[in-house]
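The values are calculated or read from the model by the stated rules, or taken from the named source; none is laboratory data. Just so it is clear, the model here is predicted, and its values are computed rather than measured. Cβ placement follows ideal geometry from the backbone for every residue including glycine, while neighbour counts extend to all protein chains displayed. Accessible surface areas use protein heavy atoms only, side chains included; no ligands, DNA or RNA. Shrake-Rupley method; radii C 1.70, N 1.55, O 1.52, S 1.80 Å.
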Amino acid sequence: PATVPLAGLTVLAVDNEPAIVDGMRVLVGSWGCALHTAGSLSEALALVLGGALRPDVIVADYHLDHGTGLDLIVSLRAALAADIPAVLLTADRSPDVRDAAAAQRVQVLNKPLKPASLRALLTQWRGRQAAE
């Protein structure tokens, strides 16, 4: 239905904190999105390279156990050979993180995450996807 513009959008959320992943599952699920989760780059790559998943959007935490969410986004895009829209969630408000994200065309949303900000981005990308 037109009232749920995000229904069917496939989101891959990567965070090393299970509580965050659970919260994301409830939030994004309530918008009608199909959410897949991973706790690390290796888990995310396994989903993608196994052919089980081709996300429409990647949402990654900046601080992961091994590497950063930005590294993860770059790796996943390379694995999929696609410039998938991506969001970096971070409590780090430094210009270095913002600049690095901007260089990779990754949106930054600061923690604590405001659900309306994430929803607005997803809606914008969904509209662009529908227009292609």
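Structural remarks
- Local electrostatic count, LEU27, Cβ distance below 12 Å [Lys/Arg +1, Asp/Glu -1]: +2
- Global dimensions of the chain from alpha-carbon coordinates: Rg and Dmax equal 13.7, 41 Å.
- Charge context of ASN110, other residues only, Cβ under 11 angstrom, K/R +1, D/E -1: +3
- Within the chain, helix-based [θ] at 222 nm, where runs of 4 or more DSSP H residues each add -39,500 (n - 2.57), nearest 500: -14000 deg cm²/dmol
- Centre-to-centre, using Cα atoms only, the stretch 75-132 and the stretch 13-50 are separated by 15 Å.
- Share of carbon and sulfur in the accessible heavy-atom surface of the chain [1.4 Å probe, %]: 56
- Cα-derived Rg to Rh of the stretch 60-116, Kirkwood definition: 0.95
- Paired Rg and Dmax values of the stretch 14-87, which use every Cα atom, in angstrom: 11.5, 31
- Lys/Arg +1, Asp/Glu -1 at C-beta; the chain dipole; positive extreme among SER117, LEU89, ALA131: ALA131
- Residue-normalised accessible area of the stretch 1-109, given per residue in Å² at a 1.4 Å probe: 47
- Placing a pseudo-label 7 Å from each Cα along the Cα-to-Cβ vector at ASN110 and SER40 gives an inter-label distance of 3.1 nm.
- Two tests apply to each whole DSSP H helix in the chain, Cα reach of 15 Å or more along its axis and mean Kyte-Doolittle hydropathy of at least 1.0, and the ones passing both are 18-30, 69-80.
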